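Chemist: Sharing a structure below in structure tokens format, with a few things to ask.
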Amino acid sequence: MKIQNECVPCLFKRILFEANESTSDNNKIDEALKAAAKAFVEIYSHNTCSADIATKVHEAAYTALEDFDPYKKLKESSNEIAISLIPEVKKAIASSEDPLKMSILCSIVGNSLDFGIDGGSSHPEMFINQFQDYVSEGFGYDDVSLVKQYLKNSNHILYFTDNCGEIVFDKLVCEQIKKQYPNITITLVVKGTPILSDATRKDAEKLNFSEVVDEIIDTGCFAVGIDFKDMPKKLDEKLKTCDFIICKGMANYEVFSEQSYHPIAYFLRSKCQPISYSMGVDIHKNVVKIYP
């Protein structure tokens, strides 16, 4: 997805948010904003992918802050909050007529654990109050039946994660996939290094993802979504040979929508107008959409 005009204030709102998370030193915050603005001017073009611009701008801000994990405490809190909801979520999945669909819905609701942007959570504790309301909404766009068809005909899938907190519920989705399609090989893809509130290998290992997936690999570098020019050879090979890709979150949509990998399914909460317009879905909805 190319950057839209509405993305610009959203990007700088997030820069300010992470700067305030990192430090109370106004001079450092000023330097982070100036560095971000300079990087933005150097890379900005309406023909450039929104995530590519965001990567360079966040990298400049992190460098100025001398903090390459400003969301560290929020990520830890998000995982703790999500774990506290696991009994409730497992109960909902077990009592559902369609356990896989319910697990996917809960994982998409977890995508609202996103900070510093409109449509996300202002703090992890807010998610507890949001959770049941968002689940009750159901799906605003529902391609789950198509997802099942692709899973039925797949031997190997890639599952790209997004935020911390959310990843707790992704484990339940992988568990259901394994239960219903036991012959599928699942490769979980996490971030190669901390960026925003995204999950890394450390998060996946701490949550014992090896119980429900066959392999955990990472994107290899600092990038919003994924940098296809700088990804590990192993990931490149798996993208070329897998049968089906599942991508969580808006940033993964932003980068993958610029590529030709198919078939691909996006599981996300449509938190902004540019994403909603690009995908052809309503805003503030739980979305499962397949691109064959």
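The values are calculated or read from the model by the stated rules, or taken from the named source; none is laboratory data. Computed from a predicted model, the values in this text were never measured in an experiment. Using ideal geometry, Cβ is built from the backbone for each residue, glycine included, and neighbour counts are taken over all protein chains shown.
Yes or no, residue by residue, for (1) touching a helix residue (DSSP H, G or I) at 6+ places or on another chain (Cβ under 8 Å); (2) outside the structural domain of Asp142 (by TED's automatic domain parsing):
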residue: Ala39; (1), (2): yes, yes
residue: Ile43; (1), (2): yes, yes
residue: His46; (1), (2): no, yes
residue: His58; (1), (2): yes, yes
residue: Ser78; (1), (2): yes, no
residue: Ala82; (1), (2): yes, no
residue: Val109; (1), (2): yes, no
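Chemist: Please enumerate the residues belonging to the stretch 195-212 that are part of a loop (DSSP other than H, G, I, E, B) and surrounded by fewer than 21 Cβ atoms within 10 Å (Cβ to Cβ).
Modeler: Listed by number, the residues that qualify are Leu207, Asn208, Val212.
Chemist: While we're here: Suppose we keep only residues that are in a loop (DSSP other than H, G, I, E, B) and without any contact (Cβ under 8 Å) to a residue 60 or more places away in the chain within the stretch 167-194. Which one would you say is surrounded by the most Cβ atoms within 10 Å (Cβ to Cβ)?
Modeler: Once the filter is applied, the top-ranked residue is Gly192.
Chemist: When the residues of the stretch 16-65 are filtered to those that are of a type in the set (Asp, Glu) and within 19 Å of Phe228 (Cα to Cα), which remaining residue is nearest to the chain's Cα centre (by Cα)?
Modeler: Step by step, filter the stretch 16-65, then rank; the result is Asp52.
Chemist: Continuing with this model, one more query. Consider Asp230 carefully, then state whether it is of a type outside the set (Gly, Ala, Ser), free of Cβ contacts under 8 Å to residues at least 24 places away in the same chain and on the phi < 0 side of the Ramachandran plot.
Modeler: When the stated conditions are applied, Asp230 passes them.
Quick grid of which residues meet (1) surrounded by fewer than 16 Cβ atoms within 10 Å (Cβ to Cβ); (2) more than 19 Å from Phe222 (Cα to Cα):
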position: Leu11; (1), (2): no, no
position: Glu18; (1), (2): no, no
position: Asp25; (1), (2): yes, yes
position: Ile29; (1), (2): no, yes
position: Ala32; (1), (2): no, no
position: Ala51; (1), (2): no, no
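Chemist: Looking only at the stretch 236-255, count how many residues are part of a strand (DSSP E or B) and among the charged types (D, E, K, R).
Modeler: Summing the residues that are part of a strand (DSSP E or B) and among the charged types (D, E, K, R) in the stretch 236-255 gives 1.
Chemist: Check Asn163 against each of (1) in contact with an Asp or Glu (Cβ under 9 Å, 6 or more places away or on another chain); (2) surrounded by fewer than 20 Cβ atoms within 10 Å (Cβ to Cβ); (3) farther than 16 Å from Ile216 by Cβ; (4) polar (S, T, N, Q) and name the one condition it does not meet.
Modeler: Asn163 satisfies all of (1) in contact with an Asp or Glu (Cβ under 9 Å, 6 or more places away or on another chain); (2) surrounded by fewer than 20 Cβ atoms within 10 Å (Cβ to Cβ); (3) farther than 16 Å from Ile216 by Cβ; (4) polar (S, T, N, Q) except (2).
Chemist: Now a separate question. Just to verify a result, which residue in the stretch 101-115, among those that are surrounded by fewer than 24 Cβ atoms within 10 Å (Cβ to Cβ) and of a type outside the set (A, V, I, L, M), is modelled with the lowest pLDDT?
Modeler: Taking the candidates together, the pick is Phe115.
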